[in-house]
Every structure is written in structure tokens, then in C-alpha cells.
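Enquirer: Before anything else, here's the structure in question.
Here, each number is a calculation from the coordinates, and none is a lab measurement. This is a predicted model, so every value here is computed, not measured. Cβ atoms come from the backbone with ideal geometry, glycine included; neighbour counts cover every protein chain shown.
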Amino acid sequence: MTGRFEGQVALITGSSRGIGAEIARSLAAEGARVCVTFRENEERALAVARECGEALCLPLDVTDRASVREAVALVRERFERLDILVNNAGWLVQEPFLDITDESWDRTIDTNLKGTFLCSQEAARVFLDQGEGCIVNVASVGGQIGGPKAPHYSASKAAVLAFTKSTARVLAPHVRVNAVAPGFIRTDMYEDIVSRTSEAAILAGIPRARVGETADVARAVLYLASDEASFVTGEVLNVNGGQYMA
Ligand code: NDP
């Protein structure tokens, strides 16, 4: 296999399914050796890893410092380097504002924001040691427009955007940090969203008049992770069919 990521190693959080799985497959198809990670769906993660050539498949709970540290160490032990971190793992529960419990708030913030922090920090130790590396965070249009059905999720994703810009400065000049902000993308998460509304209502707000596919997001992530984006850092790339235009 040849491609833009030949010789590089990528760790993709939450890559057992959905957007993360597609990112892992796409990076591998372009030559990267990837680490596919799962929180509980080991079978699905193993199936993804089998499609990714020389890949590692590891359990990784992004909310747990020890788990993150161990995964990063195992990737380095196996592949002797780490070039790309994709902070993709996410958690969304749509619920009325007055029903949000402390537990639901904490799980959402811990997965989406603290997880991004923990993985970025542990990967950054390797990147700074190597003298190069790059991070792509998967945020959300919800963090830009303030999704009405998940204030905790929207807050966490807005914070990921600020964290992206901050770490782009902190880790410069050798480490680039960027984000993609997907709109509606057809995954398990989307199926849950659409079950509480209608696809027609969703499509009415998307100028491109379709729901996104995981490949739409993966292509944007690969661009940001590639050398083609070597002068791009602290940027947010919207992949939303025009639902929100910055
Ligand atoms: P899915 O719900 O389909 O998959 C979520 C992934 O995250 C799974 O691999 C899951 O692992 C993993 N995960 C959940 N919690 C943890 C945790 N604590 N530690 C490690 N991994 C965890 O999500 P999508 O593929 O739809 O979304 C991927 C990213 O894109 C998320 O950050 C999401 O917020 C964002 N996004 C998605 C949109 C959409 O419409 N789909 C829109 C905008 C943003 P496991 O399978 O083991 O449970």
C-alpha cells in the first residue's frame, strides 16, 4: 500500500464503529499503520482492524488517564513512533435541559472534553520527544450553533474547538492541531438522533439536502493530518453540507 501516510502511525480513539472506523480504514488505505481502539465493542473493533493491514487493536477509555497512558505506550512499543492522534471518541445523549443529571453531564464532558485533553497530553509527550506530530479533533456543529437537545454535548464540543486553538499555539511549532466539525453524519449516533425527530426536519436545515457519510468526515481528517495541511493549524474544517457557515 502506498499513500500520503506511508511510514506514519495513527491512533484513532473510538474507532470500533462510525466515523472513527472510517478514519482508521482511510488512513490505513493510504499507508498508515493504525491503532484501532474501542471502549466496549471489541468484536467490531477487531473487524475494523482486520481491514487495516498492519494494525493494532486496543481497549481505550478516553476518560481514564491510566488507560490512555497505556494505549499510547503500547502503540509506541509496537510501532516505535506515533505521528497522528485523532480524538474521535464521543458521547451524545439528547435529553431535555431540566432532565440532565450530574452523571449525564459528567459523562458527556468527560468523554468529549476531558478525553480529548488526556489523549492530547499523552500523545504530545511522544510528539515533542519525536519533534513532530499532529492532532485532529472531531468536534461538532452542535458546538458552533448550540444544539437545543443536548446542551452538555454542545458545551463540550464548543470547548473542544477552543482547546484545539489553544493547543495549536501551545504545541507549535512542531505539532499541528486542527479540528473537523461534522454536521449530521449517518452512524449509530445519527440513528439515535433521527429516532427522536424526522429525517425531513433534519434535511430542511442542510443546504446540500443530504445527510453526511462517514467518508465525508474521513476525507477532511486525512487532509488535516496530511502534509498538504503543513501550514494549517488551529483551524476548524466544517463538514456539514452548509448547515452552519462560519
Ligand atoms: P458513534 O456513537 O457511532 O461511535 C462512538 C465511538 O466512540 C465508538 O467507537 C465508542 O466505542 C467510542 N467511545 C464512546 N465513549 C468512549 C470512551 N469513554 N472511551 C473511548 N471510546 C469511547 O459516534 P459517531 O461515529 O457518530 O461519532 C464520532 C465522533 O463524531 C464523536 O466525537 C461525535 O460527537 C462526532 N460527531 C458525530 C456526528 C454524527 O452525526 N454522527 C455529528 C457531529 C459530530 P464503543 O463502540 O466501544 O462503544
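Enquirer: Highest mean first, what order results for 112-124, 218-230 on Cβ atoms within 10 Å? It would help to have the intermediate numbers written out before the result.
Expert: Values: 112-124: 22.2, 218-230: 18.9.
Those peptides, ordered most packed to least, come out 112-124, 218-230.
Enquirer: Would you mind checking which residues have amide H under 5 Å from residue 8's amide H? H placed 1.01 Å from N; only 5 or more apart, or other chain.
Expert: Counting only residues 5 or more places away or on other chains, the set is 33.
Enquirer: Kindly express, to the nearest 10 degrees and within the range 0 to 90, the angle between helix 115-130's C-alpha long axis and the longest C-alpha principal axis of the chain.
Expert: The angle comes out near 20 degrees.
Enquirer: Continuing with the same structure: If a paramagnetic tag sat 7 Å from the Cα of residue 145 along the Cα-Cβ line, which residues of the range 67-108 would have the backbone N under 20 Å from that point?
Expert: The answer is 91-97.
Enquirer: While we're here: Residues with amide H under 5 Å of residue 137's amide H, sequence separation 5 or more or different chain, H placed in the peptide plane at 1.01 Å from N; which?
Expert: The list, which skips near neighbours in sequence, is 87, 178, 179, 180.
Enquirer: Quick one: 3J(HN,Hα) in Hz for the range 141-153, Karplus 6.51/-1.76/1.60 with θ = phi - 60°, rounded, Gly and Pro as x.
Expert: Taking θ as phi minus 60°, the curve returns 4, x, x, 9, 9, x, x, x, 9, 8, x, 5, 5 Hz for the range 141-153.
Enquirer: In terms of modelled amide H atoms, which long-range or inter-chain residues lie less than 5 Å from the amide H of residue 56?
Expert: For residue 56, whose amide H was placed from the backbone, the distant partners under 5 Å are 34, 35, 36.
Enquirer: Among 189-202, 85-98, 41-54, what's the highest-first ranking by average C-beta atoms within 10 angstrom per residue? Intermediate values should be presented prior to the final figure.
Expert: Values: 189-202: 12.7, 85-98: 19.9, 41-54: 16.9.
Sorting 189-202, 85-98, 41-54 by mean packing, highest first, produces 85-98, 41-54, 189-202.
Enquirer: Run a plain Debye calculation on the chain (Cα atoms as equal point scatterers, no solvent) and give log10 I(q)/I(0) at q = 0.18 Å⁻¹, rounded to two decimals, same order as the q list.
Expert: Reported log10 I(q)/I(0), two decimals: -1.46.
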